[in-house]
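Colleague: First, the structure itself, so that you have it in front of you.
Bear in mind that the values in this text are calculations on the coordinates, not laboratory data. Owing to the predicted nature of the structure, the values given are computational and were not obtained by experimental measurement. Using ideal geometry, Cβ is built from the backbone for each residue, glycine included, and neighbour counts are taken over all protein chains shown.
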Number of protein chains: 2
Amino acid sequence: MLPSWTPDLATLDLLLSVAELGSVGKAAEAHGIAQPSASAKLTQLERRLGLSVLVRTSRGTTLTPVGEAVVAWAREVIAAAHVLADGVLTLRHDRAVRLRVAASLTIAEYLLPEWLLVLRRHDPGLEVSVIVTNSHDVATEVRAGRVDLGLIESPGLPDELSAQRIGSDRLVLVVSPGYPLAARANSPLRPADMADLALLVREPGSGTRDTFLSALATALHRLDPPALPHASELGSTTTIIATARAGGGVGVVSAHAAAADIAAGTLVELSVSGLALTRDLNAIWTGSKPPTLGADLIRVATGSNGPRT
Amino acid sequence: MLPSWTPDLATLDLLLSVAELGSVGKAAEAHGIAQPSASAKLTQLERRLGLSVLVRTSRGTTLTPVGEAVVAWAREVIAAAHVLADGVLTLRHDRAVRLRVAASLTIAEYLLPEWLLVLRRHDPGLEVSVIVTNSHDVATEVRAGRVDLGLIESPGLPDELSAQRIGSDRLVLVVSPGYPLAARANSPLRPADMADLALLVREPGSGTRDTFLSALATALHRLDPPALPHASELGSTTTIIATARAGGGVGVVSAHAAAADIAAGTLVELSVSGLALTRDLNAIWTGSKPPTLGADLIRVATGSNGPRT
DNA sequence: CGCGCGCCATAGGCCTGCGCTATGGGCGCC
DNA sequence: GGCGCCCATAGCGCAGGCCTATGGCGCGCG
């Protein structure tokens with residue numbers, strides 16, 4: 001899917017260092033490789049891109065105008081890679097951690113990394129470990145004392161645990177722009193229409209699916225959710241989004257998961273009336289007050305950029 | 001700078017395909033590699049991350065909760081890589097193009113890619129070539145008929161060319177959060193203070209530098225810009241941002257170039273009063289009306305998400 | 001109840017490609 | 001005019017990638 005001539009992450013990182021340090025040799029040293037290796041990687045980069053990126057003088061190396069544009073785009077790629085690397089670090093359990101958190105999926109993916117970034121700005125040495133499971137297991141981890149703080153997105157709060165609301169999450173129904181329903185995006189769908197849609201939902205047990213089905217049952221004044229004969233059950237949020245983008249049905253996902261595709265225009269949100277698709281996000285802990293670091297995290301989560309609903 | 005265990009772009013792309021297709025074999029086929037190769041890459045990915053990402057059943061492969069988070073972050077990395085690859089394509093000159101554009105640096109880096117994305121959504125087969133140079137050379141290219149449309153950010157409009165304003169660009173002064181001046185971010189700097197600052201500016205000839213110096217001369221009621229004894233001249237915008245972030249002075253760059261760092265808190269913008277640091281962006285062309293495709297581009301640029309000023 | 005199919009992992013061999021050290025050429029500076 | 005800095009080229013060794021072939025496992029179907 002990515003073109004075969006796409007440069008390597010290491011090469012892009014090297015290019016950024018060249019742009020910042022003004023010299024191939026310095027950049028090579030910064031990356032712990034020999035100068036000829038760096039030189040070769042950069043010439044290969046230019047060959048593969050088919051662009052002249054660098055101006056090599058005898059006093060150093062600077063960028064061509066084209067090179068500045070390439071560097072600007074490469075910076076975005078490397079920044080995203082840093083977010084990934086940073087997120088992976090918090091998910092590893094082989095470090096000396098001072099704050100242990102268990103979080104449900106949506107929070108861990110889209111909200112928690114930014115909160116931890118803010119937290120670490122005030123306390124750079126802070127090490128945090130994160131366990132990712134469903135909301136029920138998060139409560140179990142908190143009760144067992146294996147984590148200091150839990151972050152859940154389910155509507156019901158577990159007993160015997162203190163809780164504080166830290167934001168909200170909204171489910172959206174999304175289709176590809178070419179999907180028949182996309183045209184009537186302005187006339188809202190009714191809850192009764194759901195049974196006729198080719199819905200794409202998570203498998204049983206997922207918090208996203210439970211929220212959607214219970215909201216549907218409430219709206220239709222029933223105890224049990226209605227049958228959805230045309231619904232498909234898919235194994236992951238990514239699969240749902242990919243299928244919806246390919247025109248395979250109506251995806252039911254968190255607004256955060258679809259935000260990038262909606263902004264890019266590759267997915268369209270359907271408006272729905274009469275369905276309570278917004279649910280609270282809560283922090284939970286044992287005892288009356290959360291541990292100090294947990295309280296800091298709650299403050300960051302509630303105070304700063306809350307989730308867009 | 002990036003951790004050595006950071007996965008490869010190709011591996012991340014493969015992981016996304018596994019998440020979407022639900023099978024290692026399918027993903028391998030989609031990427032044109034053999035199934036064992038894909039399997040090996042994925043097991044190596046899990047080893048390097050130190051995380052269990054995939055659940056391999058005899059009926060396919062799905063994601064663990066941790067895997068979903070990793071996939072969400074990987075999607076951002078791959079999306080940024082696609083922006084880079086797409087931008088590189090428009091800068092190559094070896095294709096049959098229907099619209100030739102010359103653009104100055106800031107526009108080509110931060111604005112034009114999004115406009116072209118919108119344009120291609122309506123006309124998927126559209127091929128565009130872009131030449132990146134300074135504003136003066138853009139006008140030369142337009143006059144010589146080597147491009148259909150020029151996009152410039154300099155204040156003065158060239159003679160004998162038609163022009164239309166398509167937005168604005170703002171220069172900002174940025175420092176690292178720990179820099180002494182960052183504390184007094186609320187009391188604006190005066191134009192007369194500039195001579196005392198350790199400014200980081202582009203080399204002579206850059207549009208950014210020219211705009212800044214002429215605005216400074218105007219504010220001080222002089223014909224020539226004042227001497228800046230403590231200013232350093234750096235070769236590229238990336239160098240300026242990196243130096244400012246390291247506390248090496250006051251960077252003078254386009255607001256777009258600093259936006260990511262300001263949002264992340266790694267750079268702080270200084271407020272300045274009495275300096276006209278906002279300049280218009282203009283589209284220029286020969287004749288009275290721009291060519292059809294050029295007019296479409298202008299419409300996209302002015303109509304949709306304009307530059308944040 | 002056993003056979004078969006789909007899916008994934010392992011094994012082994014080949015080869016590309018990457019990294020290193022050593023060296024040469026170009027340009028500015030003292 | 002020589003020296004130092006910076007980048008490119010050359011040549012070599014090794015690791016790691018990809019491939020084909022094969023094995024094991026679980027589920028479904030006859």
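Colleague: Distances from A:Pro180 to the same residue in each other copy, label points 7 Å out along Cα→Cβ, in nm, shortest first?
Modeller: Relative to the other copies, A:Pro180 has label-point distances of 7.1 nm.
Colleague: Along the Cα→Cβ direction, 7 angstrom out, place labels at A:Lys289 and A:Arg146. What is the inter-label distance in nm?
Modeller: That separation, rounded to one decimal, is 2.8 nm.
Colleague: Something else now. When each copy gets a label point 7 Å from Cα toward the beta-carbon at B:His93, what are the spacings between them in nm, shortest first?
Modeller: 5.8
Colleague: Normalised radius of gyration for segment B:183-309, please: alpha carbon Rg relative to 2.2 N^0.38 Å, two decimal places.
Modeller: Compared with the compact-globule rule of thumb, segment B:183-309 sits at 1.23.
Colleague: Using a label point 7 angstrom from Cα along Cα-to-C-beta, what distances in nm, from shortest up, separate B:Gly205 from the other copies?
Modeller: Result for B:Gly205, in nm, nearest copy first: 6.4.
Colleague: Related question: What does the average come to when, for each residue of peptide A:259-268, you count the partner chain Cβ atoms lying within 10 Å of its Cβ? Intermediate results must be reported in sequence, preceding the final value.
Modeller: Values: counts 0, 4, 2, 0, 1, 5, 3, 1, 0, 0.
Shielding by partners across A:259-268 averages 2.
Colleague: Using Stokes-Einstein with the Kirkwood hydrodynamic radius over Cα pairs, what translational diffusion coefficient do you get for chain A at 20 °C and a viscosity of 1.002 mPa s, in µm²/s rounded to a whole number? Mind dumping the intermediate values first?
Modeller: Details: Rh = 22.4 Å.
For these conditions, the coefficient is 96 µm²/s.
Colleague: Can you give the translational diffusion coefficient of segment B:242-309 in µm²/s, computed by Stokes-Einstein from the Kirkwood radius over Cα pairs at 20 °C and 1.002 mPa s?
Modeller: Calculated translational D: 142 µm²/s.
Colleague: Next question. Can you give the net charge of the other residues whose Cβ lies under 12 Å from the Cβ of A:Val253, counting K and R as +1 and D and E as -1?
Modeller: It works out to a net charge of -1.
Colleague: While we're here: For segment B:24-134, treating each Cα as an identical point scatterer without solvent, what Debye log10 I(q)/I(0) comes out at q = 0.10, 0.12, 0.14, 0.22 1/Å?
Modeller: For segment B:24-134 at q = 0.10, 0.12, 0.14, 0.22 Å⁻¹, log10 I(q)/I(0) is -0.49, -0.65, -0.76, -1.14.
Colleague: Report the percentage of all Cα-Cα pairs in segment A:87-191 whose separation exceeds 23 Å, rounded to a whole percent.
Modeller: Looking at segment A:87-191, the distances longer than 23 Å represent 41 percent of pairs.
Colleague: Using only the Cα atoms of segment A:141-192, build the gyration tensor, take square roots of its eigenvalues as a ≥ b ≥ c, and label the shape rounded, prolate or oblate: rounded if a/c is under 1.5, else prolate if a/b is larger than b/c, else oblate.
Modeller: It is prolate, given that a/c is not under 1.5 and a/b is the larger ratio.
Colleague: If Lys and Arg each add +1 and Asp and Glu each add -1, what is the summed charge of the other residues whose beta carbon sits under 15 Å from the beta carbon of A:Leu49? Write out the running numbers ahead of the final one.
Modeller: On the way: positive: A:Lys41, A:Arg47, A:Arg48, B:Arg92, B:Arg95; negative: A:Asp8, A:Glu46, A:Glu68, B:Asp86, B:Asp94.
Within the 15 Å Cβ shell, the charges total 0.
Colleague: Can you figure out the FRET efficiency of A:Thr302 with A:Ala96, using R₀ = 30 Å and their beta-carbon distance, to the nearest 0.05?
Modeller: For R0 = 30 Å, the calculated efficiency reads 0.60.
Colleague: Is the C-alpha gyration tensor of segment A:188-229 telling us rounded, prolate or oblate? Criteria: a/c under 1.5 is rounded; beyond that, a/b larger than b/c is prolate, otherwise oblate.
Modeller: It comes out oblate by the Cα gyration axes.
Colleague: What Kirkwood hydrodynamic radius, in Å, does segment A:104-255 give when the mean of 1/r is taken over all pairs of distinct Cα atoms and then inverted?
Modeller: Kirkwood hydrodynamic radius for segment A:104-255: 17.5 Å.
Colleague: Let me ask another. Determine the principal axes of the Cα atoms in segment A:90-145, then give the extent along each, sorted from largest to smallest and rounded to whole angstroms.
Modeller: Rounded to whole Å, the extents work out to 31, 24, 17 Å.
Colleague: Could you identify which residue out of A:Val253, A:Val268, A:Val24 has the top mean-square fluctuation in a GNM of chain A using Cα springs shorter than 10 Å?
Modeller: A:Val24
Colleague: Set Lys and Arg Cβ to +1 and Asp and Glu Cβ to -1, take the dipole of segment B:161-309 about its Cα centre, and tell me which of B:Ile298, B:Ala258, B:Gly207 lies farthest positive.
Modeller: B:Ile298
Colleague: A further question follows. Between segment A:198-264 and segment B:56-128, what is the separation of their alpha carbon centroids in Å?
Modeller: Here the two parts' Cα centres lie 27 Å apart.
Colleague: If you don't mind, another one. In a Gaussian network model over chain A where Cα atoms closer than 10 Å are linked, find which of A:Pro290, A:Pro36, A:Pro229 has the largest mean-square fluctuation.
Modeller: A:Pro36
Colleague: Please give the net charge around A:Leu189, taking every other residue with its beta carbon less than 14 angstrom from that of A:Leu189, where Lys and Arg add +1 and Asp and Glu add -1.
Modeller: Net charge around A:Leu189: -1.
Colleague: Could you work out how far apart the two model spin labels at B:Ala183 and A:Asp137 are, taking each label as a point 7 Å from the Cα in the direction of the beta carbon, and quote it in nm?
Modeller: For B:Ala183 paired with A:Asp137, the spin-label model returns 4.9 nm.
Colleague: Provide the FRET efficiency to the nearest 0.05 for the B:Ala260-A:His221 pair, computing r from the beta carbons and using R0 = 35 Å.
Modeller: 0.10
Colleague: Given N residues in segment B:1-43, what is Rg(Cα) / (2.2 N^0.38 Å)?
Modeller: 1.16
Colleague: Considering every residue in A:56-69, what mean count of other chain Cβ atoms within 10 Å of its Cβ is obtained?
Modeller: Per residue, the number of nearby Cβ atoms from other chains is 5 on average.
Colleague: In square nanometres, what is the average projected area of the Cα convex hull of segment A:1-81? Don't jump to the answer; show the numbers that get you there.
Modeller: Numbers: hull surface 20.9 nm².
The orientation-averaged projected area of the Cα hull of segment A:1-81 comes to 5.2 nm².
Colleague: Another question, then. Determine the shielding of peptide B:3-14 by partner chains: average, over its residues, the number of Cβ atoms on other chains within 10 angstrom of each Cβ.
Modeller: Across B:3-14, the average partner-chain Cβ count within 10 Å equals 5.
Colleague: Which of B:Thr57, B:Thr243, B:Thr133 moves the most in a Gaussian network model of chain B with Cα springs under 10 Å?
Modeller: Highest fluctuation of the listed residues: B:Thr57.
Colleague: I need the Debye-formula profile for the protein assembly as shown: one equal scatterer per C-alpha, no solvent, reported as log10 I(q)/I(0) at q = 0.10 1/Å, two decimals.
Modeller: Relative scattering, expressed as log10 I(q)/I(0), comes to -1.03.
Colleague: Just the number, please: Stokes-Einstein D of segment B:63-104 in µm²/s, Kirkwood Rh from C-alpha pairs, 25 °C, 0.890 mPa s.
Modeller: It comes out at roughly 191 µm²/s.
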